[in-house]
Amino acid sequence: MEHPENDPKYQGLNVNKGVAQPPSVNPYLLQNKRAKRKNYTADEYLQGIIEGDITLLSQAVTMVESANPHHQEMAQAIIEKCLPFSGNSIRVGITGVPGAGKSTSIDAFGMHLLENGHKLAVLAIDPSSERSKGSILGDKTRMEKLSVAKNAFIRPSPSAGSLGGVARKTRETIILCEAAGFDSIFIETVGVGQSETAVHSMVDFFLLIQLAGTGDELQGIKRGIMEMADGIVINKADGDNIEKAKIAQGHFKNALHLYPLPDSGWTPEVMTYSGFYKLGIAEIWNMIYRYVDFVKANGYFEHRRNEQSKYWMYESINERLKNNFYSNPVIEELMPQLEQEVLSAQKSSFVAAKEALDTYKKLIK
């Protein structure tokens, strides 16, 4: 387009056209578009996973966590094929109050295992926002050494509001990690919250991390969590805090005497350590190994894993029923109407719920 200033009536004034505007996208990028990701078969995923291909393992875990029906179908096929190669690890659930040093402790525990020739997978559960449903997934930043270690696999996952602070698909991810050759698996939960039952029902050893010197040791002695713990460890037992940690250790030992002996027959131990200074780490792992030897010898190890498999079968049934109910088009249309009737006091919550369930029963007959 010519500039009006170049009109003959503007003698002595000349304006150049200027430089053409460069494209907003680098043309070289357009020429070298990233190749579309290859679609692998379940057998190819299996082969890659058992050969230790971390990329394929990560992709398989992503499909396990996906809500996409196609991804779910593929994920289940991969899990079925990986099952014969699973079950050969020690699964340790790690929980504790926020700020107890779970991530720092996992970094120390994990490096101890790697130095002794083990392969470790860490499934770190990040709390999801109730408002945005998003998660920070920043656990790797708090596991500085493990995150760059050769034989470690860290997978942060959003809790997605699931009970017990554990990701909905963590159990399936455990199977994939075991098939990939990881002989030690940590499951870090979001912290002591509503319930840690979900974690307890997928691990061999349940480790509770506590703090001393907070002035609230007895507040941490909750019956439910204490009864599930196979071992209690008190972190930050260093410097001026050593004496406080010893006192807290005595409190917890006394509290454990109030509870009946667990079904395993094992008496939970209470130990002190420092995750930051790497003090007492080997002793804690010796305790875990003693526990595993003890429960394998009396048959409880196999019994517990069988009970866990049964528990997760029923959990999967409950989840599938719930999803089918809420995704039914008739129910989707009915629910807003029932909500309004409840809010306007035309029906009680219980009557409305019964009506919704009765409608669903008729639909599936």
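Of the conditions (1) surrounded by fewer than 12 Cβ atoms within 10 Å (Cβ to Cβ); (2) in a loop (DSSP other than H, G, I, E, B); (3) not assigned by TED's automatic domain parsing to the domain that holds ALA229, ARG320 fails just one. Which one is it?
Result: ARG320 passes all but (2).
Quick one: is GLU115 in the same structural domain as SER274 (by TED's automatic domain parsing), among the acidic types (Asp, Glu) and at pLDDT 90 or above?
So GLU115 passes the test.
Name the pairs whose Cβ atoms lie under 6 Å apart, with the first residue in segment 273-288 and outside the structural domain of ILE234 (by TED's automatic domain parsing), the second of a type in the set (S, T, N, Q) and not in a helix (DSSP H, G or I), and 6 or more positions between them or separate chains?
none
So ASN254 ticks every box in (1) in a helix (DSSP H, G or I); (2) within 30 Å of LEU113 (Cα to Cα); (3) assigned by TED's automatic domain parsing to the domain that holds GLY93 but one. Which box is left unticked?
For ASN254, the failing item is (2).
Can you list residue pairs whose Cβ atoms sit under 9 Å apart, with the first residue in segment 61-88 being among the aromatic types (Phe, Trp, Tyr) and the second being surrounded by 12 or more Cβ atoms within 10 Å (Cβ to Cβ)? Count only pairs 6 or more apart in sequence or on different chains.
As it stands, the answer is PHE85/LEU46; PHE85/ILE49; PHE85/ILE50; PHE85/ILE175; PHE85/GLU178; PHE85/ALA179; PHE85/ALA180; PHE85/GLY181, since those pairs meet every condition given.
Determine whether segment 324-336 contains at least one residue that is more than 30 Å from the chain's Cα centre (by Cα), part of a loop (DSSP other than H, G, I, E, B) and over 23 Å from ILE232 (Cβ atoms).
Within segment 324-336, none of the residues are more than 30 Å from the chain's Cα centre (by Cα), part of a loop (DSSP other than H, G, I, E, B) and over 23 Å from ILE232 (Cβ atoms).
Keeping to segment 303-318, report how many residues are more than 16 Å from PHE206 (Cα to Cα), of a type in the set (Asp, Glu) and either touching a strand residue (DSSP E or B) at 6+ places or on another chain (Cβ under 8 Å) or modelled with pLDDT of 90 or more (or both).
The qualifying residues number 0.
Given the conditions (1) within 16 Å of VAL92 (Cα to Cα); (2) more than 23 Å from the chain's Cα centre (by Cα); (3) not assigned by TED's automatic domain parsing to the domain that holds ASN235, which single one is not true for TYR291?
Of the numbered conditions (1) within 16 Å of VAL92 (Cα to Cα); (2) more than 23 Å from the chain's Cα centre (by Cα); (3) not assigned by TED's automatic domain parsing to the domain that holds ASN235, the odd one out for TYR291 is (3).
Looking only at residues that are part of a loop (DSSP other than H, G, I, E, B) and in contact with a strand residue (DSSP E or B) (Cβ under 8 Å, 6 or more places away or on another chain) in segment 86-126, which one is surrounded by the most Cβ atoms within 10 Å (Cβ to Cβ)? Please lay out each step first, then the result.
Looking only at segment 86-126, we keep the residues that are part of a loop (DSSP other than H, G, I, E, B), and these are 86-89, 97-101, 116-119.
Among the residues that remain, those that are also in contact with a strand residue (DSSP E or B) (Cβ under 8 Å, 6 or more places away or on another chain) are: 89, 97, 99-101, 118-119.
Numbers: SER89: 19, VAL97: 19, GLY99: 11, ALA100: 24, GLY101: 20, HIS118: 17, LYS119: 20.
Result: ALA100.
The values are calculated or read from the model by the stated rules, or taken from the named source; none is laboratory data. All figures in this text were calculated on a predicted structure; none of them were measured in a lab. Note that we place each Cβ from the backbone using ideal geometry, even for glycine, and neighbour counts take in every protein chain shown.
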